[in-house]
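Since every read-out is calculated from the coordinates, none of them should be taken as a lab result. Computed from a prediction, not measured in an experiment: that's the story for all the values here. As a convention, Cβ positions derive from the backbone with ideal geometry for all residues, glycine included, and neighbour counts pool all protein chains shown.
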Amino acid sequence: MLLAALRYKAWADGRTVAAVRQIAAQMNAAPFDFARQQLNHMVRVEELFRARLLAEAEPHDSTNTARLPTLGELTTRLDRSNAWLQAYAAGLSAEQWQEQLRFTFVDGQRGSLSRQEVVYHLVNHGTYHRGAIGHALDLAGGPRPADTFTVFIHAEEPGRRLWALDADA
């Protein structure tokens with residue numbers, strides 16, 4: 001299920017970035033900048049947890065930055081993160097999924113999560129921040145993509161919409 005959730009996350013992130021791109025040219029920069037801030041936070045958290053999963057030095061000392069990267073840079077990093085997460089998760093054994101990782105958050109608090117819990121956190125974390133971006137899209141009068149798991153599943157497997165026709169036969 002987590003592998004499907006990671007595919008969903010990548011799909012939903014892509015739809016959100018496409019919607020943010022549509023509000024980029026508007027005169028009111030606040031919703032666009034807020035969306036970039038949320039995407040920046042999302043990808044930095046993913047990069048931090050990638051380092052923790054790999055037992056590498058953490059690449060950031062905070063979960064956001066004063067200078068916002070361009071939408072293009074954020075898109076590239078988010079796409080790279082999603083591809084890596086899917087490949088990484090697909091290669092884990094049942095035992096590795098359960099392995100506990102110990103780390104220190106950027107605020108100095110210590111933490112411990114299994115690899116499975118880290119992946120779940122990243123899926124859930126992205127959902128939360130895409131929701132915040134959706135509010136910014138609403139404020140900008142931009143499109144708000146339907147990005148729920150059910151929409152994803154039916155887009156990925158359109159045959160599921162046909163079950164009622166089969167039942168009547």
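Taking the Cα centre of the chain as the origin and placing charges on Cβ (Lys, Arg +1; Asp, Glu -1), which of Gly14, Met1, Thr150 is farthest toward the positive end of the dipole?
So the residue we want is Gly14.
Could you give the dipole magnitude of segment 75-169 about its Cα centre, charging the beta-carbon of Lys and Arg +1 and that of Asp and Glu -1, in debye to the nearest 20?
Approximately 360 debye in magnitude.
For Leu113, list long-range residues whose amide hydrogen, built 1.01 Å from N in the peptide plane, is under 5 Å from its own amide hydrogen.
Distant-sequence amide H within range of Leu113: Leu101.
Tell me, what ³J(HN,Hα) does each residue in segment 89-101 have, in order and in whole Hz, if you take phi through Karplus 6.51 cos²θ - 1.76 cosθ + 1.60 with θ = phi - 60° and put x for Gly and Pro?
Those phi angles translate into 4, 5, x, 7, 7, 4, 5, 5, 4, 8, 4, 7, 10 Hz.
Find which of Gln98, Ala132, Val119 sits farthest along the positive direction of the dipole of segment 91-169, computed with +1 on the beta-carbon of Lys and Arg, -1 on that of Asp and Glu, about the Cα centre.
The residue sitting most towards the positive pole is Ala132.
List the trypsin sites (Lys or Arg not before Pro) within segment 1-77 that fall in a DSSP loop (any state other than H, G, I, E or B) and whose Cβ has at most 11 other Cβ atoms within 10 Å.
Arg67
Under 5 Å between amide hydrogens, which residues at least 5 positions from Asn64 or on another chain qualify, with H placed 1.01 Å from N in the peptide plane?
Residues meeting the amide H criterion: none.
Can you compute the charge dipole magnitude of the chain about its Cα centre, using +1 on each Lys and Arg Cβ and -1 on each Asp and Glu Cβ, nothing else charged? Give it in debye, rounded to the nearest 20.
Its charge dipole is roughly 260 debye.
So what is the relative contact order of segment 2-168, in percent, for Cα pairs below 8 Å that sit 6 or more residues apart?
That works out to 37 percent.
Calculate the FRET efficiency for Asn64 and Leu101 from the Cβ-Cβ distance with a Förster distance of 25 Å, rounded to the nearest 0.05.
With a Förster radius of 25 Å, E is 0.65.
Mean projection of the alpha-carbon convex hull of the chain over all orientations, in nm²?
About 12.0 nm², averaged over all directions.
Apply the Karplus parameterisation 6.51 cos²θ - 1.76 cosθ + 1.60, with θ equal to phi minus 60°, to every residue of segment 68-74 and state each ³J(HN,Hα) to the nearest whole Hz, in sequence, with x for glycine and proline.
Once θ is set to phi - 60°, the couplings for segment 68-74 become 7, x, 5, 4, x, 5, 4 Hz.
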